[in-house]
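*Asks:* Have a look at the structure that comes next, please.
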Amino acid sequence: MKRSVSHVAMALALTLGTAGAIGVAAPAYAQKQPKMEISKEFQPHAVAIQESVNGSAENPQVAAGQQQAMDALNKVLGARDDASRAAAQAELDAARASVDQQMGGILAKLNAGRPTLSTADDKLFFGQMEQNVGQKMADFAMQQSGIQLMIDSGKLPPEELPKYHYFAGLSAFNSQNYADARTSLQKAVDGGYVDGGAEKMLVDSYLRDNMTAEGLTKLKSMITARMAAGQPVPEGWAFDGLAASVNQNQRDQAFDWALLTLQTDSRTQARGQAYNIFEAYTPNYSDEEQLDVLRLMSRDNGITESRQALTYLELMQPLRRPGEAKTFTDKGTQLPAGHSMVTEAKRVGAERYDSTLRELNADAPGATGNGAVAIADTYLGYGKAAEAEAAYRKGLETGAADKAKAQMGLGIALADQGKYAEAKQAFGQITTGNRASLAKAWIAYVDNKAG
């Protein structure tokens with residue numbers, strides 16, 4: 001999501017504040033220092049700069065010019081053609097010139113004072129002033145320069161540095177200086193500062209700079225580290241990775257990002273799009289494995305295309321699973337009206353529903369191994385989850401050949417009964433083959449259902 005420039009500027013203003021008056025009221029941070037070491041050479045410039053800044057605090061014309069500059073900057077950033085951008089830039093230049101004039105030619109005063117800086121307090125004071133003026137002129141590059149000078153002064157306490165690195169990175173990011181943004185934001189994150197979306201902005205500084213591979217690698221490491229530590233992953237992180245990988249046509253990575261989105265994002269729209277990619281990009285899944293993908297999607301409102309609905313009908317084989325065919329066609333999710341496959345599935349479901357169920361009930365007590373699993377699979381389509389659970393367990397205990405399939409069926413039957421903890425445990429025992437990634441998707445489903 002595109003960051004709001006005005007919101008960013010306001011956050012910066014509220015956190016960093018403005019400086020006080022030299023010789024009367026020391027700069028906001030410098031008040032904590034026993035003595036200000038303003039150099040003799042810089043002293044007259046500091047006084048002139050301070051007078052301009054203090055004099056602008058209650059000046060309504062400066063406030064009006066600041067708002068005009070911010071509005072114009074938003075127009076510049078949102079312009080879709082060269083002519084609109086040029087017109088918006090002219091507005092921005094005029095608004096900044098107005099602020100400069102109302103502040104008594106502050107830019108000239110800053111330019112004159114900069115070469116005279118020598119002491120740490122010179123730099124701290126000047127940096128505060130420059131950040132303040134940059135804010136009033138909606139000039140993120142100027143704000144970045146001021147904050148970086150404050151950092152370079154060496155006067156900020158170590159525990160405060162990560163926060164200031166963040167704001168330096170934030171300013172660089174909004175001025176589209178992504179290289180500097182990465183440097184500063186990495187220092188902020190390394191220092192433990194994660195407020196204000198610092199980690200995600202660090203990733204975005206790669207993505208916006210056409211360094212997609214590097215950005216996605218960093219994003220994935222951040223997500224997996226949080227998951228391993230049992231910490232929540234902010235919604236939207238994994239989905240951004242999914243969008244970037246799809247845009248780069250990276251099918252294998254897109255599949256992994258779709259799974260991560262299902263694991264970390266509860267938003268309906270995000271999950272729906274993740275299911276679309278997960279289903280379309282499954283790596284060499286068998287028909288039976290793909291069927292369990294579509295069963296999952298059907299349960300989680302993830303079938304959003306007629307193609308998916310028809311594939312589900314084809315893979316379920318209505319003659320084998322009339323109960324599942326009737327349940328799905330009765331629901332009508334994305335089924336194209338009048339399609340021959342839909343008409344046939346409805347007919348088979350209606351004609352064979354009762355007779356097949358009677359056969360299941362008759363055969364279930366004596367079935368073992370693969371037979372028990374087949375009966376369980378058909379029970380599942382009838383919505384008889386308890387009976388399916390019992391048959392899957394019997395199949396596992398009596399030599400079912402495809403244990404992963406039976407184990408997954410057991411997990412689905414448990415999930416359908418609302419036994420989410422048991423279902424998660426059942427899915428968690430599938431650790432190899434294609435079904436390992438599919439099991440993770442089902443675990444994501446039960447975790448979301450369990451809340």
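Residues checked against (1) surrounded by 24 or more Cβ atoms within 10 Å (Cβ to Cβ); (2) part of a helix (DSSP H, G or I):
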residue: Ala376; (1), (2): yes, yes
residue: Ala390; (1), (2): no, yes
residue: Leu396; (1), (2): no, yes
residue: Gly399; (1), (2): no, no
residue: Met408; (1), (2): yes, yes
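*Asks:* Considering Leu242, Leu262, which residue is in contact (Cβ under 8 Å) with a residue 40 or more places away in the chain and assigned to a helix (DSSP H, G or I)?
*Replies:* Values: Leu242 fails: in contact (Cβ under 8 Å) with a residue 40 or more places away in the chain.
Exactly one of Leu242, Leu262 is in contact (Cβ under 8 Å) with a residue 40 or more places away in the chain and assigned to a helix (DSSP H, G or I), namely Leu262.
*Asks:* Out of Ala120, Ala168, Ala79, report the one residue that is touching a helix residue (DSSP H, G or I) at 6+ places or on another chain (Cβ under 6 Å), touching a residue at least 24 places away in the same chain (Cβ under 8 Å) and among the aliphatic types (A, V, I, L, M).
*Replies:* Values: Ala120 fails: touching a helix residue (DSSP H, G or I) at 6+ places or on another chain (Cβ under 6 Å); Ala79 fails: touching a residue at least 24 places away in the same chain (Cβ under 8 Å).
Every option except Ala168 fails the conditions.
*Asks:* Something else now. Out of the residues in segment 207-236 that are touching a residue at least 12 places away in the same chain (Cβ under 8 Å) and under 22 Å from Lys163 (Cβ atoms), state the one that is farthest from the chain's Cα centre (by Cα).
*Replies:* Only one residue fits best here, namely Lys218.
*Asks:* Considering only segment 167-186, how many residues are surrounded by fewer than 22 Cβ atoms within 10 Å (Cβ to Cβ) and closer than 20 Å to Gly134 by Cβ? Show your work before the answer.
*Replies:* Of the residues in segment 167-186, the ones surrounded by fewer than 22 Cβ atoms within 10 Å (Cβ to Cβ) are 175-180, 183, 186.
If we keep only those that are closer than 20 Å to Gly134 by Cβ as well, we get 175-180, 183.
Residues meeting the conditions: 7.
*Asks:* Read through the list (1) farther than 23 Å from Gly433 by Cβ; (2) in the same structural domain as Gln317 (by TED's automatic domain parsing); (3) among the hydroxyl-bearing types (Ser, Thr, Tyr), then give the number of the only condition that Thr217 fails.
*Replies:* Just one mismatch for Thr217, condition (2).
*Asks:* May I pose another question? For Phe239, which of the numbered conditions (1) in the same structural domain as Tyr445 (by TED's automatic domain parsing); (2) over 27 Å from Ala337 (Cβ atoms); (3) of a type in the set (Phe, Trp, Tyr) fails to hold?
*Replies:* Evaluating Phe239 over (1) in the same structural domain as Tyr445 (by TED's automatic domain parsing); (2) over 27 Å from Ala337 (Cβ atoms); (3) of a type in the set (Phe, Trp, Tyr) leaves (1) as the failure.
*Asks:* Within segment 277-293, can you find the residues that are in a helix (DSSP H, G or I) and either of a type outside the set (A, V, I, L, M) or under 17 Å from Asp377 (Cβ atoms) (or both)? Before the answer, list the steps.
*Replies:* Within segment 277-293, the subset in a helix (DSSP H, G or I) is 277-280, 287-293.
The answer is Phe278, Glu279, Asp287, Glu288, Glu289, Gln290, Leu291, Asp292, Val293.
*Asks:* Hey, could you check segment 257-289 for residues that are charged (D, E, K, R) and buried (at least 22 other Cβ atoms within 10 Å of the Cβ) and say which is farthest from Met408 (Cα to Cα)?
*Replies:* We begin by selecting, within segment 257-289, every residue charged (D, E, K, R); these are 265, 267, 271, 279, 287-289.
Those left that are additionally buried (at least 22 other Cβ atoms within 10 Å of the Cβ): 265, 271, 279.
Details: Asp265: 23, Arg271: 21, Glu279: 17 Å.
So the residue we want is Asp265.
Residues checked against (1) modelled with pLDDT of 95 or more; (2) of a type in the set (A, V, I, L, M); (3) within 39 Å of the chain's Cα centre (by Cα); (4) under 23 Å from Ser171 (Cβ atoms):
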residue: Ala13; (1), (2), (3), (4): no, yes, yes, yes
residue: Ala19; (1), (2), (3), (4): no, yes, yes, yes
residue: Ala30; (1), (2), (3), (4): no, yes, yes, yes
residue: Phe42; (1), (2), (3), (4): yes, no, no, no
residue: Leu92; (1), (2), (3), (4): yes, yes, yes, yes
residue: Gly104; (1), (2), (3), (4): yes, no, no, no
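*Asks:* Is one or more of the residues making up segment 265-276 acidic (Asp, Glu), over 24 Å from Met201 (Cβ atoms) and not assigned by TED's automatic domain parsing to the domain that holds Glu359? Let's see the steps before the verdict.
*Replies:* Residues of segment 265-276 acidic (Asp, Glu): 265.
With the extra rule that they be over 24 Å from Met201 (Cβ atoms), the set shrinks to none.
No, every residue in segment 265-276 fails to be acidic (Asp, Glu), over 24 Å from Met201 (Cβ atoms) and not assigned by TED's automatic domain parsing to the domain that holds Glu359.
*Asks:* Something else now. Does segment 366-373 contain at least one residue that is farther than 22 Å from Leu438 by Cα, polar (S, T, N, Q) and either in contact with a strand residue (DSSP E or B) (Cβ under 9 Å, 6 or more places away or on another chain) or outside any helix (DSSP H, G or I) (or both)?
*Replies:* Checking segment 366-373: at least one residue is farther than 22 Å from Leu438 by Cα, polar (S, T, N, Q) and either in contact with a strand residue (DSSP E or B) (Cβ under 9 Å, 6 or more places away or on another chain) or outside any helix (DSSP H, G or I) (or both).
*Asks:* Filter segment 140-176 for residues that are over 23 Å from Val203 (Cα atoms) and of a type in the set (Asp, Glu) and give the result.
*Replies:* Of everything in segment 140-176, those that are over 23 Å from Val203 (Cα atoms) and of a type in the set (Asp, Glu) turn out to be Asp152, Glu159.
*Asks:* Looking for whichever is touching a Phe, Trp or Tyr at 6+ places or on another chain (Cβ under 7 Å), surrounded by 14 or more Cβ atoms within 10 Å (Cβ to Cβ) and touching a residue at least 40 places away in the same chain (Cβ under 8 Å) here; the options are Asp292, Asp300. Which one fits? Break it down into steps so the answer makes sense when it comes.
*Replies:* Working: Asp292 fails: touching a Phe, Trp or Tyr at 6+ places or on another chain (Cβ under 7 Å).
It is Asp300.
*Asks:* Can you tell which of Leu149, Leu170, Leu110 is assigned to a helix (DSSP H, G or I) and not assigned by TED's automatic domain parsing to the domain that holds Gln61?
*Replies:* Values: Leu149 fails: not assigned by TED's automatic domain parsing to the domain that holds Gln61; Leu110 fails: not assigned by TED's automatic domain parsing to the domain that holds Gln61.
Sole residue among the options that is assigned to a helix (DSSP H, G or I) and not assigned by TED's automatic domain parsing to the domain that holds Gln61: Leu170.
*Asks:* Is it the case that some residue within segment 203-225 is surrounded by 21 or more Cβ atoms within 10 Å (Cβ to Cβ) and closer than 17 Å to Gly302 by Cβ?
*Replies:* Looking through segment 203-225, none of the residues is surrounded by 21 or more Cβ atoms within 10 Å (Cβ to Cβ) and closer than 17 Å to Gly302 by Cβ.
*Asks:* Sticking with this one: Closer than 20 Å to Leu310 by Cβ, of a type in the set (A, V, I, L, M) and not in a helix (DSSP H, G or I), is that true of Ala337?
*Replies:* Values: closer than 20 Å to Leu310 by Cβ: yes; of a type in the set (A, V, I, L, M): yes; not in a helix (DSSP H, G or I): yes.
When the stated conditions are applied, Ala337 passes them.
The values are calculated or read from the model by the stated rules, or taken from the named source; none is laboratory data. Note that this is a predicted model, so its numbers are computed, not measured. Here the Cβ is made from the backbone with ideal geometry for all residues, glycine too, and neighbour counts use every protein chain on show.
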